[in-house]
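Coordinate-derived values only; no laboratory data. Everything numeric here is computed off the predicted structure, so don't read it as measured data. Neighbour counts are summed over all protein chains in view; Cβ atoms, including those assigned to glycine, are modelled from backbone coordinates with ideal geometry.
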Amino acid sequence: MIPYGHQNINQDDIDSVVNVLRSDYLTQGPQVPLFERNIASLTNAKFAVASSSASAMLHVACLALGVTKGDRVWTSPITFVASANCALHCGAQIDFVDIDFNTANMCPKALASKLKIAKENGTLPKVIIPVHMAGHSCDMETIAVLAKKYGVKIIEDAAHGIGGQYKENKIGSCRYSDITIFSFHPVKIITSAEGGVATTNDVELANKMGLFRSHGITKDTELLSRPNEGDWYYEQQLLGLNYRMTDLHASLGNSQLNRINEFIESRHKLVRRYQSLLANSDIRIVTPLSNSISSYHLLIVQLPNKLHRKLVFNHMREMGICVHVHYFPVHLQPYYQELGFKKGDFPQAEAYYQSCLTLPLFPDLTSEELAFICDTLKELIK
Ligand SMILES: *Cc1c(COP(=O)(O)O)cnc(C)c1O
């Protein structure tokens, strides 16, 4: 079976994890702060805070922005459920902004009109969470202008996006947002097995996220609210969680970061190959905005109407090609339907879902496999 995504692990990665196993610290040693510095320097953000997953970090980011009961958070319906769940974990209400069918990203026009109505009704969100689908940046400048106009905070869900760029800025620079979240799950661009990092340029948000991911506890003498009683002393200043990253995970992340440019180059090379092999077909590849460089976490195509997605999906799987679907709209999940969302609420997202298909894309995909995937797909169109 050709998987839809796969990690690339080399001997350096293995050695770096084994070295940590042989060291004094499995958690809270030097690897996590090093990973944070590396991500901050890669993205040109002032601060980076690591945690056990992007899902945990989305929760922490909402907590740090003060999201609580009575607040509203908006995200995209085409995303992994974690982008929406984080709001519910804070006791807030979740709502969605429909996507642009062509980019699969939050539609700035839909956002503008929804904000206008919310302002009139006194139901503005505290935070919006645009998602960079497939690593393709959202139209962040437009979204940031709207957020500023209505006094809304922005968390970028860049789980797919590390190594990408929007205009002159690296994804994660937070030039157009308060916080950006990355995931290091094995199918993403680089992996720490499990892991997530938030970047921000706001020192207070960075400190708060550091507290929330570690029980609300600090030992940092500069952050203590009372006189230091001695070396054993620490303070719990708010109610946090144990969402810490371990040094084992961070060492894998650090080692993988050495190859991030290589990984993204391979992905781009494969995408160009897909583009040329699918060029004269009815299959449309979802592509990034022209003023951005995608990390290309996913290769998503939109099938022509005449093709039944389920039949294509099943046939490709039978042929040993592990195609996938990103994503089933969050508002149609049973849990979200219980909250009152229903079919028809976000028509662009639902239409996109009907025709989207994710083809395999990962650095070790061979050109023979890629050609076989395209041939199989084109055969179905005939
Ligand atoms: C993978 C993913 C997450 C969650 O990441 P984890 O590190 O697995 O918790 C959140 N949002 C999106 C869009 C994702 O793809």
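Of note:
- Within straight-line cross-link reach of residue 306, lysines at Cα separation under 20 Å, skipping those fewer than 8 residues along the same chain: 378, 382
- Of 173, 137, 355, the residue with the greatest mean-square motion in the GNM of the chain, using alpha carbon springs below 10 Å, is 355.
- Dipole moment magnitude, nearest 20 debye, the range 260-381 about Cα centre, only Lys, Arg, Asp, Glu C-beta charged: 320
- Likely footprinting exposure, 343, 46, 170, fewest C-beta neighbours within 10 Å first: 343, 46, 170
- Averaging the sequence gap over all C-alpha pairs within less than 8 Å and six or more residues apart, then dividing by the number of residues, gives the chain a relative contact order of 23 percent.
- Dividing the mean sequence gap of close Cα pairs (under 8 Å, 6+ apart) by how many residues the range 260-381 holds gives a relative contact order of 36 percent.
- Share, in percent, of DSSP beta bridges within the chain that are antiparallel, nearest 5: 65
- Subset of 119/188; 69/114; 69/148; 69/188; 69/119; 149/170 violating a 30 Å alpha-carbon distance limit: 119/188; 69/188
- Think of each Lys and Arg Cβ as +1 and each Asp and Glu Cβ as -1; about the Cα centre, that makes the dipole of the chain roughly 1120 debye.
- Sorted ascending by nearby beta carbons within 10 Å, beginning with the fewest, 278, 380, 63 become 380, 278, 63.
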